[in-house]
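Below is one structure, written out as structure tokens; the observations come after it.
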Amino acid sequence: LKRMEVPRKAGIPFIYSGGIDPLVRGADPEFSGKNAVMISQVTDGYWIFYEGPTYTKPDHADYWKWFTWANKAIAKGDFDVQHEPRQTPTQWAKLDVFKKAGGTSRMIAPRSAGRITKYPTVKLRGDNLLLISCKKGRPVAVKLVNHRLSRYRSVLAWELRGPIAGKTGNDEIASGTIPHASQGTVEFTPKTDGVYLLGASSGRCCWSVASSNVPLGLFAGDWMWLMGSAKRLYFHVPDGLEKFHIDIQGRDMETVRANVFDPSGKQVATAQTSPVKRQATVLVRSGKRDSKDASSVWSVEITRADKGTLEDNAIRLDPKLPPTLSFVEEQVFEVKK
């Protein structure tokens, strides 16, 4: 409203309308329809940045049902309908991130130590997936932090599934939310041994894993989005794999560099994006290794590129590698042979 005063005081004719983006976390059909009514009550109307739904998906019809409902209310000046009780069940933690959990059913977890491990702060952006190694009857506690980011005030929604037993995406065990700029702990007692999946999303904000009392890994078999740097993230290179690659991605002026280190800590490869090259690939030759090196642990650093700023960036591991990155070397996951 304050921005509308600028052209109004200057005597400039204008039309001011607010935007709605269905792709934003939480902007489901009913919310978007009521948001359109709310925006139109205080501005000259609304417009839709229509990304996410498509004509071939059921949600397209749902969005237009609610936008039609909104348009009728706006035309009648009935703006109070925005406050009507919600008709659609709220499902904060029905996360799409589980759809990309390919390859996780074959993961071999490190031994579950039971002690609390504090992790370096690595800020994750948007939706990400964690793998956690659990033992039957041993309580699990994973502390998550929902960070401040600019003016955004998203909740951190999480959902627990598992264990992985020949397939991914098993039934939900628990779910919940963590308020903006707060921290919370996901706690449960596993009924079986195995690798469980913990999905979390902070919308436009970012989040991190502060600590865990069980081994934990980040799923990077598909694009894993970060905010800023990561000093070291560890991964396993299977025996006999002589070369592999790691993909990285930036966003225009938001650029990134990845440095890869061998088990001795020596940097062996690097690649970076630029303002005109949004993606880059780190090519690594691991060479021939005998069986005693089969469990060797490598690492990758996410850092600043030569040009641009280090903010939003993403990393994706070669499909030949186990699809997880770990905060500490002792918690690296492997893949069943």
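The values are calculated or read from the model by the stated rules, or taken from the named source; none is laboratory data. These figures come from a predicted structure and were not determined experimentally. FYI the Cβ positions are ideal-geometry reconstructions off the backbone, even for glycines, and counts take in every protein chain you see.
Observations
- Screening Ile15 with (1) over 30 Å from Trp158 (Cβ atoms); (2) assigned to a helix (DSSP H, G or I) gives one miss only, at (2).
- Within the stretch 36-54, tally of residues that are buried (at least 19 other Cβ atoms within 10 Å of the Cβ) and part of a helix (DSSP H, G or I): 4
- Residues that are in contact with a His (Cβ under 9 Å, 6 or more places away or on another chain) and either buried (at least 20 other Cβ atoms within 10 Å of the Cβ) or modelled with pLDDT under 95 (or both) number at least 3 in the following strands (runs of 3 or more DSSP E) confined to the stretch 112-227: 194-212.
- Close pairs (8 angstrom Cβ cut-off, 6 or more residues apart or separate chains): modelled with pLDDT under 90 and part of a helix (DSSP H, G or I) in the stretch 57-69, among the hydroxyl-bearing types (Ser, Thr, Tyr) and loosely packed, with under 15 Cβ neighbours inside 10 Å anywhere: His60/Thr54
- In the stretch 233-255, the residues that are within 21 Å of Gly265 (Cβ to Cβ) and of a type in the set (D, E, K, R) form Cβ pairs under 7 Å with partners that are crowded, with 16+ Cβ neighbours inside 10 Å and modelled with pLDDT of 95 or more, at six or more places apart or across chains, as follows: Lys243/Val284.
- Neighbours by Cβ (under 6 Å, 6+ apart or cross-chain): first from the stretch 310-337, within 23 Å of Gly126 (Cβ to Cβ); second of a type in the set (Phe, Trp, Tyr) and surrounded by fewer than 20 Cβ atoms within 10 Å (Cβ to Cβ): Ala314/Trp223; Ala314/Trp225; Arg316/Trp223; Phe327/Tyr119
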